[in-house]
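A.B. asks: Here it is, the structure, as structure tokens.
The values are calculated or read from the model by the stated rules, or taken from the named source; none is laboratory data. Because the structure is a prediction, the values reported are computed rather than measured. Cβ coordinates were reconstructed from backbone atoms using ideal geometry, including for glycine residues, and neighbour counts include every protein chain displayed.
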Amino acid sequence: MTGSRHDADQKAGMRKWEENPLAAHAQAQQHPEGRETEREWVPWIVPVFVAANIAMFAVAMYANNCPAHAHALGAGKKCVGAGFLGRFAFQPLNQNPLLGPSSATLEKLGALVWDKVVHEREGWRLFTCIWLHAGVVHLLANMLSLVLVGLRLEQQFGFVRVGVIYLASGVGGSVLSSLFIRDNISVGASGALFGLLGAMLSELFTNWTIYTNKAAALVTLLLVIVINLAIGMLPHVDNFAHIGDFLTGFLLGFVLLMRPHYAWSQRYVLPSSVKDAGRKYLTYQWVLLAVASVLAVIGLVVGMTMLFRGVNGNEHCQWCHYLSCVPTAKWSCGK
């Protein structure tokens, strides 16, 4: 009975508060020393990531120097834009339709290559590959997505948490990619971007109480994620990196993006009839954080162990290759 009476009083107080928000604001001013306001960060790490990716692409094109190797391209094949780009000219379109360097250049600069990671112990490629791009089209698509997704997260949660999610997700995607793809190189920041999308989804779940239009936010975010994962099933797209990054970011979101629940954050704005805001974080938030932390550590340790032991993920999952490419009458998923 006591709990029911308290709930009724709380709901009544909430109705009065909604009917007279100015009174609530005046009440909040009486407690300036205890009121918590949500800090909005000035984003800078995301612009730095964008600049770093663009700079690395410039370095890759400089190192590629297509005109210097024009004699080896074959009859009728010319570097794209050699007349005005000079050594920054792109490889012929039949070699790289995305307007970028050769695969050999990307491999030299740190692309993800399974054989080099496992047999030559070049584990640093798990990290360097997320700063390289196959071409201008690839770069522009990823940087636009990074700005649209990353700036919003950094404004709300700061550069440390967003930076950790971005980098850790990139490595997580590289590990999963290496377990299933052995015959192709992999580059690009799209995997790390999926980590940010995964973090946005888990942030929605763990901070469920502070969202007003919960269903709309969830449906919109899920739609964006599903569309992007579906595009990843086309040929020549490393969807395993996307999936690995998404799962890593999803787990890290529960750990790093937890916020105080609604009643606590508004405790100095709510009417006096709402006396108990409860604890700062709800029980389910702590449970999600604990479970996600354990799963993230286990996933990373198991994945890295399997990778450096040379385990082929396709031997343990016969259908998993369909997650990266689905063959149709229009295209095949050859090596």
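A.B. asks: Under the condition of being without any contact (Cβ under 8 Å) to a residue 12 or more places away in the chain and aliphatic (A, V, I, L, M), which residue from the range 99-141 is farthest from M61 (Cα to Cα)?
C.D. replies: By that ranking, first place goes to L140.
A.B. asks: Here are some residues: V160, V113, V117. Which one is hydrophobic (A, V, I, L, M, F, W, C), within 20 Å of the chain's Cα centre (by Cα) and within 25 Å of G299 (Cβ to Cβ)?
C.D. replies: V160
A.B. asks: Determine which member of the set T305, T328 is modelled with pLDDT of 70 or more, more than 30 Å from F205 (Cα to Cα), loosely packed, with under 15 Cβ neighbours inside 10 Å and out of contact with any helix residue (DSSP H, G or I) (no Cβ under 7 Å at 6 or more places or on another chain).
C.D. replies: The match here is T305.
A.B. asks: Is it the case that some residue within the range 170-179 is closer than 22 Å to V137 by Cβ and in contact with a Phe, Trp or Tyr (Cβ under 6 Å, 6 or more places away or on another chain)?
C.D. replies: yes
A.B. asks: Now for a separate question. Which is surrounded by fewer than 23 Cβ atoms within 10 Å (Cβ to Cβ), polar (S, T, N, Q) and within 29 Å of F90 (Cα to Cα), of S145, S186, S190, S178?
C.D. replies: Of S145, S186, S190, S178, the one residue that is surrounded by fewer than 23 Cβ atoms within 10 Å (Cβ to Cβ), polar (S, T, N, Q) and within 29 Å of F90 (Cα to Cα) is S145.
A.B. asks: Against the condition touching a helix residue (DSSP H, G or I) at 6+ places or on another chain (Cβ under 9 Å), charged (D, E, K, R), outside any helix (DSSP H, G or I) and modelled with pLDDT under 90, how does K335 come out, does it pass?
C.D. replies: Criteria not met by K335.
A.B. asks: Still on this structure, I have one more. Can you tell me which residues in the range 194-221 are closer than 17 Å to F250 by Cβ and polar (S, T, N, Q)?
C.D. replies: Of everything in the range 194-221, those that are closer than 17 Å to F250 by Cβ and polar (S, T, N, Q) turn out to be S202, T206, N207, T220.
A.B. asks: Here's something else I'd like to know. Give the residue that is surrounded by the most Cβ atoms within 10 Å (Cβ to Cβ), with candidates limited to residues of the range 106-136 that are of a type in the set (V, I, T) and under 24 Å from G172 (Cα atoms).
C.D. replies: Selected residue: I130.
Every residue, every condition in (1) out of contact with any His (no Cβ under 9 Å at 6 or more places or on another chain); (2) among the aromatic types (F, W, Y); (3) at pLDDT 85 or above, yes or no:
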site: A63; (1), (2), (3): yes, no, yes
site: L73; (1), (2), (3): yes, no, no
site: P97; (1), (2), (3): yes, no, no
site: L106; (1), (2), (3): no, no, yes
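A.B. asks: Would you confirm whether any residue within the range 39-49 is among the charged types (D, E, K, R), under 30 Å from V160 (Cα atoms), at pLDDT below 80 and exposed (fewer than 14 other Cβ atoms within 10 Å of the Cβ)?
C.D. replies: Within the range 39-49 (the criterion being among the charged types (D, E, K, R), under 30 Å from V160 (Cα atoms), at pLDDT below 80 and exposed (fewer than 14 other Cβ atoms within 10 Å of the Cβ)), the answer is yes, since at least one residue qualifies.
A.B. asks: So L197 fits all but one of (1) of a type in the set (A, V, I, L, M); (2) at pLDDT 85 or above; (3) more than 27 Å from F57 (Cα to Cα); (4) part of a helix (DSSP H, G or I); what number is the exception?
C.D. replies: (3)
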